[in-house]
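Enquirer: Questions regarding the structure given below will be posed in turn.
The values are calculated or read from the model by the stated rules, or taken from the named source; none is laboratory data. The structure displayed is predicted, hence computed values, not measured ones. Cβ placement follows ideal geometry from the backbone for every residue including glycine, while neighbour counts extend to all protein chains displayed. Quick note on the areas: whole protein, heavy atoms, side chains included, nothing else; ligands and nucleic acids left out. Shrake-Rupley method; radii C 1.70, N 1.55, O 1.52, S 1.80 Å.
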Amino acid sequence: SPSHSTHLPYRFLPSDLHNGDSKVIYMARNPKDLVVSYYQFHRSLRTMSYRGTFQEFCRRFMNDKLGYGSWFEHVQEFWEHRMDSNVLFLKYEDMHRDLVTMVEQLARFLGVSCDKTQLEALTEHCHQLVDQCCNAEALPVGRGRVGLWKDIFTVSMNEKFDLVYKQKMGKCDLTFDFYL
């Protein structure tokens with residue numbers, strides 16, 4: 001069956017995804033690195049390039065005023081479905097910490113059986129892809145690394161962000177690594 005990529009919230013996914021006929025792989029990223037990467041992406045667009053400051057962009061992110069709606073609602077919606085047999089919930093930071101385990105999880109989830117040699121080859125290929133993505137010349141330096149936010153957040157921005165994060169994620173047991 002074909003694979004598709006989307007940024008849609010869970011509630012807007014096609015019904016075959018809700019009733020388990022298709023599989024969903026969801027990759028979440030810690031919101032501090034995500035907002036920095038999202039800002040850099042918006043600044044790089046040739047059309048509709050974002051011209052405001054990072055502080056303003058971050059404020060809009062915290063207030064759910066960016067293009068794809070609320071990150072907080074989005075990630076919590078998928079987190080609520082993480083135990084569904086057709087949903088695999090992954091974290092970007094885990095990919096950087098332990099790619100082997102993530103590749104094993106993906107293979108198992110997709111019903112792909114592979115021996116140790118195949119798994120090692122697949123993991124090595126994934127390592128190369130991750131390195132290419134994180135170091136591509138078209139991307140701002142370090143865009144794919146974990147802890148990127150520390151280079152751009154001020155102390156007061158970080159305090160404000162932590163407060164908003166606690167308010168919006170308070171009832172959710174999902175945790176993120178902000179450093180590796």
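Enquirer: Helix 116-135: angle to the longest alpha-carbon principal axis of the chain, degrees 0 to 90, nearest 10?
Expert: Approximately 20 degrees, to the nearest ten.
Enquirer: Placing +1 on the Cβ of each Lys and Arg and -1 on the Cβ of each Asp and Glu in the chain, which of Gln132, His42, Gly147 has its Cα farthest towards the positive end of the resulting dipole?
Expert: His42
Enquirer: Measuring from label point to label point, each 7 Å out along Cα→Cβ, what is the His81 to Lys160 span in nm?
Expert: 3.3 nm
Enquirer: May I ask you to give the solvent-accessible area per residue for the chain, in square angstrom, as obtained with a 1.4 angstrom probe? Present the calculation step by step, with values, prior to reporting the outcome.
Expert: Working: 11440 Å² over 180 residues.
For the chain, the solvent-accessible area averages 64 Å² per residue.
Enquirer: Next question, about the same structure. Here is the link list: Lys23/Lys150; Lys91/Lys168; Lys65/Lys166; Lys23/Lys166; Lys91/Lys160. Which ones come out longer than 29 Å on Cα distance? Spell out each step's value before the answer.
Expert: Values: Lys23/Lys150 35 Å; Lys91/Lys168 19 Å; Lys65/Lys166 18 Å; Lys23/Lys166 31 Å; Lys91/Lys160 23 Å.
From the list (Lys23/Lys150; Lys91/Lys168; Lys65/Lys166; Lys23/Lys166; Lys91/Lys160), the Cα-Cα distance tops 29 Å for Lys23/Lys150; Lys23/Lys166.
Enquirer: OK, next. List every residue whose amide H lies under 5 Å from the amide H of Val24, counting only residues 5 or more places away in sequence or on a different chain, with H placed 1.01 Å from N in the peptide plane.
Expert: Correct list: Val87, Leu88.
Enquirer: Could you work out what % of the accessible surface of the stretch 47-124 is carbon and sulfur, using a 1.4 angstrom probe and leaving DNA, RNA and ligands out of the count? Please list the in-between numbers first.
Expert: Values: 2470 of 4670 Å².
About 53 percent, which is the carbon plus sulfur part of the accessible surface.
Enquirer: Oh, and also: Specify which labelled value, from [x] 16.5, 50; [y] 17.4, 50; [z] 21.3, 81, agrees with Rg and Dmax of the Cα atoms in Å derived from the coordinates of the model shown.
Expert: The value computed from this structure is option [y].
Enquirer: Of the chain, which part is the longest with no chymotrypsin sites (Phe, Trp or Tyr not before Pro) in a loop (DSSP not H, G, I, E, B) and with at most 14 other C-beta atoms within 10 angstrom? Numbers along the way, then the final one.
Expert: Values: sites that count: Tyr68, Tyr179.
The reported range is 69-178.
Enquirer: Still on this structure, I have one more. Going through the stretch 71-180, which GluC sites (Glu not before Pro) have at most 15 other Cβ atoms within 10 Å and a DSSP loop state?
Expert: Passing sites in the stretch 71-180 are Glu137.
Enquirer: Related question: If each of Thr53 and Leu174 carries a label point 7 Å out from its Cα toward its Cβ, how far apart are those two points in nm?
Expert: Those two pseudo-labels are separated by 3.0 nm.
Enquirer: Right, here's the next one. Mind putting a number on the dipole of the stretch 34-109 about its Cα centre? Charges go on the C-beta only, +1 for Lys and Arg and -1 for Asp and Glu, and I need it in Debye to the nearest 20. Mind dumping the intermediate values first?
Expert: On the way: 10 positive and 10 negative charges, 106 e Å.
The calculation lands at about 520 debye.
Enquirer: Taking trypsin sites (Lys or Arg not before Pro) as candidate sites, keep only those in a DSSP loop with at most 16 other Cβ atoms within 10 Å, then name the longest stretch of the chain containing none of them.
Expert: Details: sites that count: Lys23, Arg46, Arg51, Lys65, Arg82, Arg145, Lys171.
Segment 83-144 is the longest.
Enquirer: Give the residue from Asn158, Phe109, His96 lying farthest towards the positive end of the charge dipole for the chain; charges sit on Cβ (+1 for Lys and Arg, -1 for Asp and Glu) and the dipole is referred to the Cα centre.
Expert: Going by the Cα projections, it comes out as Asn158.
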